[in-house]
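The values are calculated or read from the model by the stated rules, or taken from the named source; none is laboratory data. Here the structure is a predicted model, which is why all the values come from computation and not from measurement. The area values use the complete protein model at the heavy-atom level, side chains included, leaving out ligands, DNA and RNA. Shrake-Rupley method; radii C 1.70, N 1.55, O 1.52, S 1.80 Å.
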Amino acid sequence: MTKELEDDLRRVIGRAAETAPQAPSGLSTAIVGRSRRRRARTLAAVTALAVAVVAGGVSVTVRDLGDDSAHLAVNPVPSPQESQAAQEGRPAPVEEVWPNAVWKIPAKLSDGRKFQPLLFIDDRTILLSTWSSFEKADAIYAYDLGTGDVRKIADIRTPKGVFASGYAVGEGRVVWQTVRNRRTEFWSVPITGGEPTAIATDAPVEGGTDASAVVAGKLAFSLVKGGVFTLPLDGGQVTPVAGADRHHILRWPWVGTPGDYTPDNEPSFEELLNVETGETSKALVRPGEKFVRCGVTTCVGTGADEKYFHRLRDGSQQRELPQWAALGLAYDRFMAIHLPMPTGGQALLDLTTGKSGDLGLRPDAKGGSVSVQPGLTGNRLVSYPLGDQYVIIDLLRI
């Protein structure tokens, strides 16, 4: 990728981030490039589409550039399926590489309605939403991956132009937000089902939120403009988290600054704070590096030599990446890579083990395809439509 193209992408992403409301949870993990979109985009969506343009056709070979083979290992004894796939020049299917972490479920409910997977409720249950129109949720459901049973949790009713987003689960509840007139309101319903109720606050929450988590009887959330706060699930005082007035939730209890949105090419989550222990971490960024995005333990970026890298936050164990990890690494180890043409498609790459699994995605006759980009997220769910099914991947089972 040329410097000019990277600079253009940075400017486009920056402009989108300035005006984008938060999209429904999980949108960044499954983006259909051919679909019409609302004008306002999330940063994740814009970046994922950019990756689909600039990373297509790049080889998926992973090269170890150092002596620490434990950080980027290669599976020494491939399975028969992996051996056959290797002979054909591609990874084995993701469900064969990680059989305990992948499910394929029908892409429609029994009544024929389409749905969108949102996140895991527990180890065998995922939260789904249905839409009355694009991104306009009208109900949420619990789907049992073991039995295939579907149970409605609640109907969601929002005024015209108002969207439910930012879902989180915990303490036996599902929580989400709506934004109206630039103010955020939080809603809650028991996972067992019921009528959603607003969570009362002692003062209006100005602006939108970019991440949330349910923890210890409270909802923790961070604002797009910065700042981490907590709110009792039963309503009450919105309380700033000490030392986190500029921060964003990365993966609770870790919060950091700057957050995901860095239109001026600042390193994402360069500074971290553990709000439970007080531990802090500042990532090393070397002169000339660009698009640096850091997780709890690992950073990725483009070096002064224009090569893509990943390394620990302290700058050690640096390795070359096969492609641009535009959204960072999910759980500090996973990224989606584009497979070379003529087959094309994508694979999920685990940088810890060196294993990769073919996601089964292929361009259509017009070159359009679904793009999967997990990125910096605390959501263990990766999901995407494939034919008449949805593929469900639990990153924590890999």
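In order along region 304-315, phi translates into HN-Hα couplings of 4, 8, 6, 9, 7, 9, 9, 6, 6, 4, 7, x Hz, rounded to whole numbers, per the Karplus curve 6.51 cos²θ - 1.76 cosθ + 1.60 with θ = phi - 60° and x for Gly and Pro.
Going by the alpha-carbon gyration tensor, a ≥ b ≥ c the square roots of its eigenvalues, is region 235-341 rounded (a/c under 1.5) or, if a/c is not under 1.5, prolate (a/b greater than b/c) versus oblate? Because a/c hits 1.5 or more and a/b exceeds b/c, region 235-341 counts as prolate.
Divided by 2.2 N^0.38 Å, where N counts the residues, the Cα radius of gyration of region 264-314 comes to 1.16.
What translational diffusion coefficient, to the nearest whole µm²/s, does region 138-249 have by Stokes-Einstein, given a Kirkwood radius computed over alpha-carbon pairs, a temperature of 4 °C and 1.567 mPa s viscosity? Don't skip to the end; give the middle numbers.
On the way: Rh = 14.6 Å.
It comes out at roughly 89 µm²/s.
Looking at region 185-257, the accessible area is 42 square angstrom per residue; that uses a 1.4 Å probe and ignores ligands, DNA and RNA. Which lysines, on any chain, are close to LYS152 with Cα under 25 Å apart, when same-chain ones fewer than 8 places away are left out? Candidates past the 8-residue exclusion: LYS104, LYS108, LYS114, LYS136, LYS160, LYS218. Applied to region 383-398, the Karplus parametrisation 6.51 cos²θ - 1.76 cosθ + 1.60 on θ = phi - 60° returns per-residue 3J(HN,Hα) values of 9, 6, x, 9, x, 9, 10, 10, 8, 10, 10, 9, 4, 6, 8, 8 Hz, with x for Gly and Pro.
Give me the Kirkwood hydrodynamic radius of region 322-376, using the inverse of the mean 1/r over all pairs of distinct Cα atoms, in Å to one decimal.
11.6
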